There are 2 protein chains.
Amino acid sequence: MSDIGIKELARIAGVSTASVSRALSNPERVSKKMRDRVQAAAKRVGYQPNRLGASLRTSRSGNIVAIIPDISDTFNSGVIQSLERAAAERGYSVLFGDTQGIRERELVYGAMVRSRQADGIIVFSHRLPFTAEELQSENFKLPPLVNSCELADSPHIDTSNLPWVSIDNVQAGRDAVTHLIELGHQNIAVITGDIESPSTVQRLEGYRLALSAAGIAYREENVYQGAYTLEAGVRITKQVLLAKHRPSAIFCMSDEMAMGCVATLKEHGFGVPEDMSVVGFDDIRFAQYLSPPLTTIAQPVEAIGRTCANILIDLIEDIAEPESKHILPHKLVVRSSATTPR
Amino acid sequence: MSDIGIKELARIAGVSTASVSRALSNPERVSKKMRDRVQAAAKRVGYQPNRLGASLRTSRSGNIVAIIPDISDTFNSGVIQSLERAAAERGYSVLFGDTQGIRERELVYGAMVRSRQADGIIVFSHRLPFTAEELQSENFKLPPLVNSCELADSPHIDTSNLPWVSIDNVQAGRDAVTHLIELGHQNIAVITGDIESPSTVQRLEGYRLALSAAGIAYREENVYQGAYTLEAGVRITKQVLLAKHRPSAIFCMSDEMAMGCVATLKEHGFGVPEDMSVVGFDDIRFAQYLSPPLTTIAQPVEAIGRTCANILIDLIEDIAEPESKHILPHKLVVRSSATTPR
DNA sequence: TTGAAAGCGCTAACAG
DNA sequence: CTGTTAGCGCTTTCAA
C-alpha cells in the first residue's frame, strides 16, 4: 500500500510496464489473463497511477478551467455545480478561477491551457482571458473554449463564432416584460445587468420588443444601468423611486438584484406587489422563499452547466464541431411579486 | 509565439536548458546577465513553461483540492471564494469537488493526492475521503489536509488532531440562544444541522449551556434534527408549528434554514418576529436583505477560507506544525427577526 | 556561474 | 498479444 510506481508493479506482476499501462488504461487491448493478473496485482499493492507522468506523456491534463467572475453569486454557483458533476462523469476535474472581474486574474487562468495545466476553458466573464497581443499574434490558436453567453465581442476576434450555450435572452426578456404588460402595467422600469454583457443587451432588446409589440413607447429614462448583484439592486432601486414619472413595475435582470430591489422597496414603505410589481431573472433556489415569492424567468441551470462541460470536452476530444451553439429553454415562473397595478 | 519548449528556448538564447530553468524559476541563482538574456528571449518568443514537466520532476502539482458537499450553499461558496483567492496568491490552483455527500465522489477526490494531481486537501465534509481499508493500512500516510470543523471522528483515526480552522461553535450557539433568552424567551426550539457534523453538535451544546445558565430546563422535544439546507428549514418548521407546547422562538443553525423557516412561518400566517422570533447562523450575504432582516451569528467567511488555504499550503511546503488549530471570531448580529415574546 | 546529463512515471511506437 | 525502448518537458545533481 505504499507508493509504488509502474515499474515496481510490473516487476511484482511479472510483466512489462507496457502491459501494466495497457491493462489499466486500455484493458480491451490485452488478453483476459493479462488483464486479471495486472489488475489483481494493482489492487493488492494499492497501485495508484501517477497522473502527472501520464499527462506529460499524453499532453492531456484531464482538467478544465472555469473562469467565473463571482462564484458566490447564486446563479453561478448552481451552474458550476452541474458543470463539475458533468465533467467528473467524463473523467475531468475542474480548476476554478474566481476572477472578481480582475483582468490580471483572467489572464492567469487563460494561460493554464498553454502551460498544460488544463485542456480547455469555460468562460463566464465578458472578456477572453488573453491579451490583445496574444490574440493578434499570427500563430496564436485559441484553446478549446466555450462561453456561456457573457462574452462580449472582441476587437481582435469574432467571439460570436465561438461555441456557446445560453438561453434565448431576447425572448426571455420579452417574456418577462410581456407578463407585466398583460397585468396592465404601462410604465415599466428595467434595471439591467452589466451593460457589456451580451445577456444584458439581449434582455434589454427583449424589453424593447415587448413594449413595442404592445404599442407602448420606449422611454430612455426607464432604463437603469446596473449590475447582476444584490447591491446594485439596492442602489438602483433608490434611483427608480426618485423618478419623476415613477413606474408601477420593475424588471430586474437577475434575482439577486430583485432581492435587493424588493428589500429596498419595503424599506421605503412600498408594498410588493401592491405598490410596485417586481419581476426577476434566473429563478435561483431562494426565489420561491422570498416574501413575496418572486415572479421570475427560470434558467435551466443544471442543463447550462452540463452542456458547457460536455461541449468543451467534446471539443477537447475532437468529437464536436468547433462552432456548436446551444440554446436552452427558459420559462416564466409566475409567483406573487407582480400583480395588476392599482 | 508558437509553442516552444525549454530546449528550443535554450537554443535561441544560446544557453543551456539548465540555465533557462534557473533563470526563470530561481533567478537569484544566476548572473544578472544570464537572467536578462533568458528572460528577454522568453518574453520575445512567448515561452510558457509546461507545468506538467515541472510537476513530474518536482512531484508538486501546485493544486489543492477542496472537498465540499454542496458548492451552491451560500456559506460554502463564500468560503471557497476566499480560499481560491488565498491559494492563488501563493501560486496554487484549486480543484474543486462538489460531492453532494456521495461517498464514492469523496473517495475520487481523496485519491487525487496519491495520483499527484493535487498536493493537499481541504475537507468540508463529515468524513475523511479515504476508505477504512486505506486508513487502517500500516503504510498509509495522511496527505496534507485541513478540515473546516465539519469532520466527524473516524473509528480509524483521531481526526481531532488534524489541523482545523473553525469558529468557537459552542460559544456561538450559546450567544445565539442567550440573545433569545435575554429578549425574554423561555421556550426556544432549535433546528440543528446534520447531526453527524461536529459544528452541529457543538452549537447544540451551546444551546444547552445557554439554557442551563439561565436556569431554563432543557427539553428534548425542543430539539429538531435537521440539515443545513433551506429545504430542511421548511420541512422542520412545519413540525415545530405542530408542537404541543409551541415555542416562541426558533434558533436555526444556518441562515438558509432560517430563510426556509421564516418563509414557512409566514406562509402559515405567523408574523416574524411578532408571533415567532427566529435567529439564524452564518450571516450569509442575503441575511440583511430578507424580510425581516435576519438576526444571526456572523461567521468570518473570508478569514475561514483564507486560513484554510494558508494552513494547507504551509503544511504542503513544510512550514507549519502539523497540528495547527485556528479559532476564528464570530459575532452576534442583531437585526429584526427576533424580539420580545408577546 | 554555467553546462551536461540523468531521470521523474508514464505511454506509444515498434519489433517480436 | 506482449516486451523493449524512446521520450514527453522539466529540474537538479554533478562536474567543470
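Computed from the coordinates by the stated procedures, all read-outs in this text should not be read as laboratory data. The shown structure was predicted, so the numbers you read here are calculated from the model rather than taken from an experiment. Glycine also receives a Cβ, built like all others from the backbone with ideal geometry; neighbour counts cover every protein chain displayed.
Structure notes:
- In loop segments of the stretch B:243-342 as defined by DSSP, the GluC sites (Glu not before Pro) with at most 15 further C-beta atoms inside 10 Å of their C-beta are B:E274, B:E317, B:E323.
- As a length-normalised measure over Cα pairs under 8 Å and 6 or more apart, the relative contact order of the stretch A:86-172 settles at 22 percent.
- Residue-by-residue Karplus 3J(HN,Hα) for the stretch A:206-211, coefficients 6.51, -1.76, 1.60, Hz, glycine and proline x: x, 4, 4, 4, 4, 4
- Of all DSSP beta bridges confined to chain A, the antiparallel ones make up roughly 10%.
- Highest to lowest packing among A:64-75, A:126-137, B:33-44, scored as the average C-beta count within 10 Å: A:64-75, A:126-137, B:33-44
- When the Gaussian network model of chain B links Cα atoms closer than 10 Å, the mean-square fluctuations of B:S61, B:S19, B:S125 top out at B:S19.
- Ordering of A:77-84, A:53-60, B:91-98 by packing [mean C-beta count within 10 Å, highest first]: A:77-84, B:91-98, A:53-60
- Inter-chain shielding of A:91-102 (mean C-beta neighbours from other protein chains, 10 Å cut-off): 4
- ³J(HN,Hα), Karplus 6.51/-1.76/1.60, whole Hz, each residue of the stretch B:162-169, x for Gly, Pro: 6, x, 8, 9, 6, 7, 7, 5
- Crossing angle, helix A:301-316 versus chain A [Cα axis fit, 0-90 degrees, rounded to tens]: 40
- Summary value for the stretch B:214-342: 23 percent relative contact order, contacts being C-alpha pairs under 8 angstrom separated by 6+ residues.
- Each other copy places its own label point for A:N187 at 4.9 nm from this one, sorted shortest first, where the point lies 7 Å along the Cα-to-beta carbon line.
- Gyration tensor (alpha-carbon) shape descriptor, the protein assembly as shown, a/c threshold 1.5: oblate
- In nanometers and ordered shortest first, the copy-to-copy spacing of the B:T58 label point, defined 7 Å from Cα toward Cβ, is 2.5.
- Rounded, prolate or oblate (a/c below 1.5 giving rounded, otherwise prolate when a/b exceeds b/c) for the stretch B:119-211 by Cα gyration tensor: prolate
- Using a Gaussian network model of chain A in which every pair of alpha carbons under 10 angstrom is joined by a spring, one finds that among A:N139, A:N161, A:N76 the greatest mean-square fluctuation is at A:N139.
- Antiparallel %, DSSP beta bridges [both residues in the protein assembly as shown], to 5: 10
- Each copy carries a label point for A:S212 at 7 Å from Cα toward Cβ; from one copy, the others' points are 7.2 nm away, ordered from shortest.
- Averaged over the residues of peptide B:112-120, the number of Cβ atoms from other protein chains lying within 10 Å of each residue's Cβ is 4.
- Amide proton proximity set for A:N63, modelled H, under 5 Å, gap of 5+: A:S93, A:D119
- Average other protein chain Cβ within 10 Å of Cβ, residues B:277-290: 3
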